[in-house]
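Notes for the one structure printed next.
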Amino acid sequence: MIKDLRIGIDVGGTNTDAVVVDNQGTVVAATKAATTPDPFDGIRAALEQVLVGVEKDRIGQAMLGTTHPANAVIQRRSLQRVGTLRLAAPATVGVRPGAAWPADLLAAIMGPVSIIRGGNNYDGSEISPLDENAVRAFAGEIAGVVEAIAISAPFSPASHDHELRAAEIIFEELGPNFAVSLSHRVGALGLLERENATILNASLLGVARGVVRGFDAALTQNSLDVESFLTQNDGTLMSAEEAVQLPVLSLGSGPTNSMRGASSLAQLSDAMVIDVGGTSADVGILVDGFPRESASAIEVGGVRTNFRMPDLISIGLGGGSLIGETPDGVTVGPDSVGYRVSTDARVRGGSTLTLSDISVRGGRLQGFGDPALVESVSEDTVRQALAWVDSQIEIMVERMKASKHVLPLIAVGGGSHLVPDEVAGVSEVVRPPNHAVANAYGAAIAEASGSIDQVYRYGEQGRESSLEEARWAAVDAAVRAGADPAAVRVTSINEVPLTYVPGEACRVQVKAAGPLLR
């Protein structure tokens, strides 16, 4: 039997969407199931629904985009305690790890902390030799106290020998299976933000193992023997093994899945995308079919980090947003009934006035409940609520625009009926087929990727030779991640001259991606 189908699943705050897609990208089946307090119940329900009438033997791969890790950080639950080791003394002892963290998150995660001698300068020279005895002493301090360790050092994306050696010592002292997160695998050059991201990553390792086990169990319960992947922040895939090691790279995968799905469904590679769900709306920009990444530090749960994340603007506007009627006028959100919109909204026989009711009453949404149940809502209330929605969407679009060049706006998500047909500042509003499940579609079509982030000295090696070496390294990484060697391509090259480093040094970031090898 030819394995020519794949499953994409995306767990959102309101719905868990699932699609089955064939080799040509055609949607064979699609469904939505309510996201439940235990998200795996929603995953199992979505899987069962989408597989009705589908030949399971034809399915070869399954991709999951999930909010589990992001919710764990936001809600401060299921996080592991982490020992933090910085290899940078005496250069960086002035600022301790976790110095600017929210107190509650610090209390939930941070175990013993130590800054020891080691690490490298920007030019690759050692700040000081690695103090191996101090690493062994720290291993003794954290044994039985924490579940994981985060190791970081200055400029380790360029020179990471000390991080690797410190990890070897931890394994010698605490066993080969002890959970270790190394900063050069997580973030970019800036030490404090990269260290923060590495500590968060270490705290999420238990959550990641639970996600992978739960996803595999859901697939097994539905008699699916397939390869499983998780989507990450840049719209590409991680294997289950990688996801267990680098869960922090999946924190922004939900909006990214929507944007990648929107791009493919609309056949547009450069556009703005608005994804409206039950609780919130996100706006981002597509560049060459991928979400534009944020150039600034990203806060996750109140912590500044510097790993790659999509550049988004989000507000509390969704199909489940609550409508308030006061003497001063109509209010909208940010509170929402979320996944209960299908039961609590007035058009569905409930008693709560939501934006979905307003959309039905205003003629923007058809086929959702009984319109007769909202006939009593006044036209003035509908007018004020929709005017607020339209103005907020225009503000988001205006803030996200990078230039005067006018782009189309692709509207996706279960709440995209709220987007008007005309929006100021965009050339047109596009609603592609299957737009309501664009996030699951984005997961299903996600590609394997590889990247390199390294400092080259153009004065010694030459610019073209350096870039060629970086391109091949990124392509090789993508192939090792599962990409088809015949179809892998370089998707981005970023050069940042380091004028303070001798030898015409330049930081080179190259990313390559390609469809999975079948």
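The values are calculated or read from the model by the stated rules, or taken from the named source; none is laboratory data. Given the structure is predicted, the values throughout are model-derived calculations rather than measurements. Cβ coordinates were reconstructed from backbone atoms using ideal geometry, including for glycine residues, and neighbour counts include every protein chain displayed. To get the accessible areas, we keep the full protein, side chains included, count just its heavy atoms, and leave off ligands, DNA and RNA. Shrake-Rupley method; radii C 1.70, N 1.55, O 1.52, S 1.80 Å.
Looking at region 266-279, which of its residues are more than 17 Å from ALA440 (Cα to Cα), touching a Leu at 6+ places or on another chain (Cβ under 8 Å) and open to solvent by less than 60 Å² (accessible area, probe 1.4 Å)?
If we filter region 266-279 for residues that are more than 17 Å from ALA440 (Cα to Cα), which is where we start, we get 268-272, 279.
Keeping just the survivors that are touching a Leu at 6+ places or on another chain (Cβ under 8 Å) gives 268-272.
Selection gives LEU268, SER269, ALA271, MET272.
Mind listing whichever residues of region 370-389 are open to solvent by less than 40 Å² (accessible area, probe 1.4 Å) and not β-branched (Val, Ile, Thr)?
Keep residues of region 370-389 that are open to solvent by less than 40 Å² (accessible area, probe 1.4 Å), which gives 374, 377, 381-382, 385-386, 389.
Residues satisfying the conditions are ALA385, LEU386.
If I filter region 102-156 down to residues being under 30 Å from CYS506 (Cβ atoms) and among the acidic types (Asp, Glu), which single residue comes out as nearest to the chain's Cα centre (by Cα)? Reasoning before the result, please.
Restricting attention to region 102-156, the residues satisfying the condition of being under 30 Å from CYS506 (Cβ atoms) are 115, 117-130, 150-156.
With among the acidic types (Asp, Glu) added as a condition, the list becomes 123, 126.
On the way: ASP123: 32, GLU126: 35 Å.
Ranking the qualifying residues of region 102-156, first place goes to ASP123.
Would you point out the residue of region 108-151, among those that are assigned to a helix (DSSP H, G or I) and closer than 19 Å to ALA197 by Cβ, that is most open to solvent (accessible area, probe 1.4 Å)? Walk me through how you get there before you give the answer.
First pass over region 108-151, keeping only residues assigned to a helix (DSSP H, G or I): 108-109, 132-142.
Restricting the remaining residues to those that are closer than 19 Å to ALA197 by Cβ gives 108-109.
Working: ALA108: 32, ILE109: 1 Å².
Taking the candidates together, the pick is ALA108.
Every residue, every condition in (1) of a type outside the set (Asp, Glu); (2) open to solvent by 20 Å² or more (accessible area, probe 1.4 Å); (3) touching a helix residue (DSSP H, G or I) at 6+ places or on another chain (Cβ under 8 Å), yes or no:
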{"site": "GLY284", "(1), (2), (3)": "yes, no, yes"}
{"site": "PRO291", "(1), (2), (3)": "yes, no, yes"}
{"site": "GLU299", "(1), (2), (3)": "no, yes, no"}
{"site": "MET309", "(1), (2), (3)": "yes, yes, no"}
{"site": "LEU317", "(1), (2), (3)": "yes, no, yes"}
{"site": "ILE323", "(1), (2), (3)": "yes, yes, yes"}
{"site": "ASP328", "(1), (2), (3)": "no, yes, no"}
{"site": "THR331", "(1), (2), (3)": "yes, yes, no"}
{"site": "ASP344", "(1), (2), (3)": "no, yes, no"}
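Which pairs do you get when a residue that is in a helix (DSSP H, G or I), found in region 216-228, comes within reach of a residue that is modelled with pLDDT of 90 or more, reach meaning Cβ atoms under 6 angstrom, with the pair 6+ apart or on two chains?
ALA218/LEU47; LEU219/ALA62
With GLY83, GLY124, GLY118 as the choices, which residue is in contact with a helix residue (DSSP H, G or I) (Cβ under 7 Å, 6 or more places away or on another chain) and at positive phi?
Working: GLY83 fails: at positive phi; GLY124 fails: in contact with a helix residue (DSSP H, G or I) (Cβ under 7 Å, 6 or more places away or on another chain).
It is GLY118.
Checking the conditions here, which among ALA153, ALA158, ALA143 is over 14 Å from ARG86 (Cα atoms), among the hydrophobic types (A, V, I, L, M, F, W, C), in contact with a Leu (Cβ under 8 Å, 6 or more places away or on another chain) and touching a residue at least 60 places away in the same chain (Cβ under 8 Å)? Break it down stepwise before answering.
Values: ALA153 fails: over 14 Å from ARG86 (Cα atoms); ALA143 fails: touching a residue at least 60 places away in the same chain (Cβ under 8 Å).
The conditions single out ALA158.
What strands (runs of 3 or more DSSP E), lying completely within region 446-518, carry at least 2 residues that are in contact with an Asp or Glu (Cβ under 7 Å, 6 or more places away or on another chain), surrounded by 18 or more Cβ atoms within 10 Å (Cβ to Cβ) and among the hydrophobic types (A, V, I, L, M, F, W, C)?
Working: elements: 447-457, 489-497, 505-514.
Ranges flagged: 505-514.
Let's see how each residue does on (1) under 30 Å from THR67 (Cα atoms); (2) out of contact with any Gly (no Cβ under 9 Å at 6 or more places or on another chain):
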position: VAL429; (1), (2): yes, yes
position: ASN434; (1), (2): yes, no
position: VAL437; (1), (2): yes, no
position: GLY462; (1), (2): no, yes
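For region 163-208: of the residues being closer than 14 Å to LEU85 by Cβ and free of Cβ contacts under 8 Å to residues at least 12 places away in the same chain, which is least open to solvent (accessible area, probe 1.4 Å)?
PHE171
Any residue at all in region 395-413 that is of a type in the set (S, T, N, Q) and either under 30 Å from GLY503 (Cα atoms) or open to solvent by 10 Å² or more (accessible area, probe 1.4 Å) (or both)? First the steps, then the outcome.
The first filter runs over region 395-413 and keeps only residues of a type in the set (S, T, N, Q), leaving 403.
From what's left, either under 30 Å from GLY503 (Cα atoms) or open to solvent by 10 Å² or more (accessible area, probe 1.4 Å) (or both): 403.
Yes; the residues of region 395-413 include at least one that is of a type in the set (S, T, N, Q) and either under 30 Å from GLY503 (Cα atoms) or open to solvent by 10 Å² or more (accessible area, probe 1.4 Å) (or both).
Report yes if some residue within region 504-514 is of a type in the set (D, E, K, R), on the phi < 0 side of the Ramachandran plot and touching a residue at least 60 places away in the same chain (Cβ under 8 Å); otherwise report no. Give the steps one after another, and end with the answer.
Filtering region 504-514 down to residues of a type in the set (D, E, K, R) leaves 504, 507, 511.
The next check asks that each one be on the phi < 0 side of the Ramachandran plot; those that pass are 507, 511.
Filter once more, keeping what is touching a residue at least 60 places away in the same chain (Cβ under 8 Å): 507, 511.
Among the residues of region 504-514, at least one is of a type in the set (D, E, K, R), on the phi < 0 side of the Ramachandran plot and touching a residue at least 60 places away in the same chain (Cβ under 8 Å), which makes the answer yes.
When you check ARG96 against the structure, is it of a type in the set (Lys, Arg) and either in a helix (DSSP H, G or I) or touching a residue at least 24 places away in the same chain (Cβ under 8 Å) (or both), yes or no?
Taking the combined requirement at face value, the residue does not satisfy it.
State which residue pairs qualify: first residue over 21 Å from SER280 (Cα atoms) and acidic (Asp, Glu) and inside region 352-371, second residue open to solvent by 40 Å² or more (accessible area, probe 1.4 Å) and outside any helix (DSSP H, G or I) in any location, beta carbons under 9 Å apart, and separation of 6 or more residues or different chains.
ASP370/GLY349
If you scan region 425-445, which residues turn out to be assigned to a loop (DSSP other than H, G, I, E, B) and open to solvent by less than 60 Å² (accessible area, probe 1.4 Å)?
Our first condition is that a residue be assigned to a loop (DSSP other than H, G, I, E, B); within region 425-445, this holds for 425-428, 431-434, 445.
Answer for region 425-445, where residues must be assigned to a loop (DSSP other than H, G, I, E, B) and open to solvent by less than 60 Å² (accessible area, probe 1.4 Å): GLY425, VAL426, PRO432, ILE445.
So which residues in region 293-311 are touching a Pro at 6+ places or on another chain (Cβ under 8 Å), closer than 17 Å to ILE493 by Cα and in a loop (DSSP other than H, G, I, E, B), if there are any at all?
The one that is touching a Pro at 6+ places or on another chain (Cβ under 8 Å), closer than 17 Å to ILE493 by Cα and in a loop (DSSP other than H, G, I, E, B): SER294.
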